[in-house]
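Visitor: Quick one: structure below, then a few questions.
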Amino acid sequence: MKQDPKLILAVLAIALNAPGAFAQLLPAGPGDLIGPNVVSQPPFAALKSSLDIPREAVSLSWSLDASTNLESSPAPFVAHSREYFVEVSAADLRQGVPVYTTSPGALVRLNPVAEDTRFDQKIAIAPASLVLVTPAGASFSAGSGMDQMAGPAELKAAGAPFAEGTSAFRIREELGAGAFELRADGLTASEQRYVMHVFDRQSSTELRLRTTATDYLHGQTLTVEATLADSATGASASGAATPGDRKFRGRKLDGFVTSPGGRAWPLTFQHAGRGTYRATLLLDALEAPAPGLWQVHASAQARRGGQAILRAGKTAFACTLPSARLSGTAEVVSDRDSVRVDLGVEVASASRYEARAVLYATANDGSLQPAGITHSAAWLEAGAAELSLDFNSELLAGKALGAPFELRDLRLVDQVKMGLLHRQAHALNIDR
């Protein structure tokens, strides 16, 4: 059977990794972000500012100390919350609203709802005008059950970044913890609404919230994990027994996700074992571009030893429309002390794209050590394109490092939308 000579040459080039050799990026590993396809930017989401984006290609490189410790796979952030929020009306406050705490000295904040447009002027509440009733039924008025009281004027003078009309106080520590009642007898305008924020600052009971990745692409599935836990006893939302554990009862977790464009989706949490509740959401990033991250909001309710526990938390993640992707092919030009990698890029929507990576080189003892970083950016039109990463000999000058090389922490970024399209911890092995 007659063999295609071009195919034979290509196979030999890959095997030998000779100068100008064609190569394939390594398969995706755990935690890598790699889009399976590209999606064109919808017409309604066109960026008017794209005309002002520079079109010239630029490249930047710098050397790294071989002892530099780099993280190619960032761990997701875990949000810890010992607080909760609840929205109440002036009528509710006149009747009395519960304040749930699990430790002494909780901080309480009240502010008029900013989106409530029915009132020309937001009605602030002075802490001294409130009545605080303890779990034992003792009543304190005129601020006698509070300390560190601050009204809107004091908070503004202190430069505190709170909403207009916010007032705050701390429940006196000697009053203990439990279900308090807060009452505002003199409030008018019954429909005026307030957000009450309770920060159980000394509590060991917290809501832990995280997404399983820091970055996602349109069409991928977001996974959110939430746990109600006690850091002092090891108690968790599952009620699993541990030494000294007082189990949580009547657990309920709710949540929702918001996009930078203002859309929202509900989350349904299911018990996943070992104290963790999990929710998933198919991500839809087809919206007009807006600055900011996507956010996960979650709230938890439970009881423990007859005591009510409320917690609310939020965390953030990035989600990007995959307007381009690395095709998986590369042309490698390398020798003992320099490397150039020409990356194939599949582009669905014209934009300014950037590739960046860290080059690892081999030391005398055979270990791989970081040698340098290269960034390369250019305006790419729709279709097949290329971005080149040039690790020149200056990055290895004066170092006892050389081939074989490895390309790590390879990334592709849409600079116009500031969106991460590809991240791969171990991307390419270069033998020579």
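Visitor: Expected output is a single nm value to one decimal: the length gained when fully extending between ALA163 and ASN69, i.e. 0.36 nm times separation in residues minus the C-alpha distance. What is it? Let's see the in-between values first.
Guide: Working: separation 94, 0.36 × 94 = 33.84 nm, distance 4.16 nm.
So the extension gain works out to 29.7 nm.
Visitor: Suppose every Lys and Arg Cβ carries +1 and every Asp and Glu Cβ carries -1, with no other charges. What dipole size does the stretch 205-318 come out with about its Cα centre, to the nearest 20 debye? Please report the intermediate quantities before stating the final value.
Guide: Working: 14 positive and 8 negative charges, 125 e Å.
The dipole of the stretch 205-318 has a size of about 600 debye.
Visitor: Once fully extended, how much extra length lies between ARG336 and GLU287, figured as 0.36 nm per residue of separation less the alpha-carbon to alpha-carbon distance? Don't skip to the end; give the middle numbers.
Guide: Details: separation 49, 0.36 × 49 = 17.64 nm, distance 4.76 nm.
The span from ARG336 to GLU287 would gain 12.9 nm if fully extended.
Visitor: Can you give the FRET efficiency to the nearest 0.05 for ALA232 and ILE53, using r as the Cβ-Cβ distance and R₀ = 60 Å? Don't skip to the end; give the middle numbers.
Guide: Numbers: r = 53 Å, r/R0 = 0.88.
According to the calculation, E is roughly 0.70.
Visitor: Could you tell me the calculated FRET efficiency between THR221 and GLN307, based on Cβ-Cβ distance and R0 = 45 angstrom, to the nearest 0.05? Don't skip to the end; give the middle numbers.
Guide: Details: r = 36 Å, r/R0 = 0.81.
Step by step, r from the Cβ atoms, then E = 0.80.
Visitor: Please list, or write none, the aspartates and glutamates whose alpha carbon is within less than 12 Å of the alpha carbon of LYS122, excluding same-chain residues fewer than 8 places away.
Guide: Straight-distance partners of LYS122: GLU164, GLU191.
Visitor: Further question on the same structure: Please name which of MET146, ALA124, GLY178 has its Cα lying farthest along the dipole of the stretch 83-199 towards the positive end, using unit charges on Cβ (Lys, Arg +1; Asp, Glu -1) and the Cα centre as origin.
Guide: It is MET146.
Visitor: For the stretch 83-199, evaluate the Debye formula with one uniform point scatterer on each Cα (no solvent term) and list log10 I(q)/I(0) at q = 0.14, 0.20 Å⁻¹, rounded to two decimals.
Guide: Log10 I(q)/I(0), no solvent term: -0.52, -1.09.
Visitor: Could you list TRP294, TRP62, TRP379, TRP265 in order of exposure, starting from the residue whose Cβ has the fewest other Cβ atoms within 10 Å? Walk me through the intermediate numbers first.
Guide: Numbers: TRP294 21, TRP62 10, TRP379 17, TRP265 14.
Ordered from fewest to most neighbouring Cβ atoms within 10 Å, TRP294, TRP62, TRP379, TRP265 come out as TRP62, TRP265, TRP379, TRP294.
Visitor: Next question. With r defined as the distance between the Cβ atoms of ARG263 and PHE77 and R0 fixed at 25 Å, what FRET efficiency is calculated, to the nearest 0.05?
Guide: Details: r = 23 Å, r/R0 = 0.90.
Efficiency for this residue pair is about 0.65.
Visitor: Still on this structure, I have one more. Which value does Rg/Rh take for the stretch 205-318 over its C-alpha atoms, Rh per Kirkwood? If you can, show how the numbers build up before the last one.
Guide: Values: Rg = 15.5 Å, Rh = 14.9 Å.
Ratio value, two decimals: 1.04.
Visitor: Right, next: Rounded to the nearest 20 debye, what is the charge dipole size of the chain about its Cα centre when +1 sits on each Lys and Arg Cβ and -1 on each Asp and Glu Cβ? Intermediate results must be reported in sequence, preceding the final value.
Guide: Values: 40 positive and 44 negative charges, 260 e Å.
Around 1240 debye, computed over the chain.
Visitor: Subtracting the Cα-Cα distance from 0.36 nm times the residue separation, let me have the gained length for GLU386 to ALA128 in nm, one decimal. Walk me through the intermediate numbers first.
Guide: Working: separation 258, 0.36 × 258 = 92.88 nm, distance 6.68 nm.
Answer, rounded to one decimal: 86.2 nm.
Visitor: Continuing with the same structure: For the chain, what is the relative contact order in percent, using Cα pairs closer than 8 Å and at least 6 residues apart in sequence?
Guide: On the way: 1117 pairs, mean separation 92.8, N = 432.
Reported relative contact order: 21 percent.
Visitor: Let me ask another. Using a Cα-Cα cut-off of under 16 Å, which aspartates and glutamates could be cross-linked to LYS247, ignoring same-chain neighbours fewer than 8 residues away?
Guide: GLU206, ASP230
Visitor: I would also like to ask the following. Of [x] 1.34; [y] 1.07; [z] 1.29, which one was derived for Cα Rg over 2.2 N^0.38 Å from the structure shown?
Guide: [z]
Visitor: Here's something else I'd like to know. Taking only DSSP H segments of four or more residues, each worth -39500 (n - 2.57), what value at 222 nm results for the chain once the sum is divided by all its residues, to the nearest 500 deg cm²/dmol? It would help to have the intermediate numbers written out before the result.
Guide: Details: 3 runs with 24 residues, N = 432.
Calculated at 222 nm, the ellipticity per residue is -1500 deg cm²/dmol.
Quick note: the coordinates plus some simple rules give every number you see, no bench work behind them. None of these values were measured; they are calculated from a predicted model. All Cβ positions, glycine included, derive from the backbone under ideal geometry; neighbour counts span all protein chains shown.
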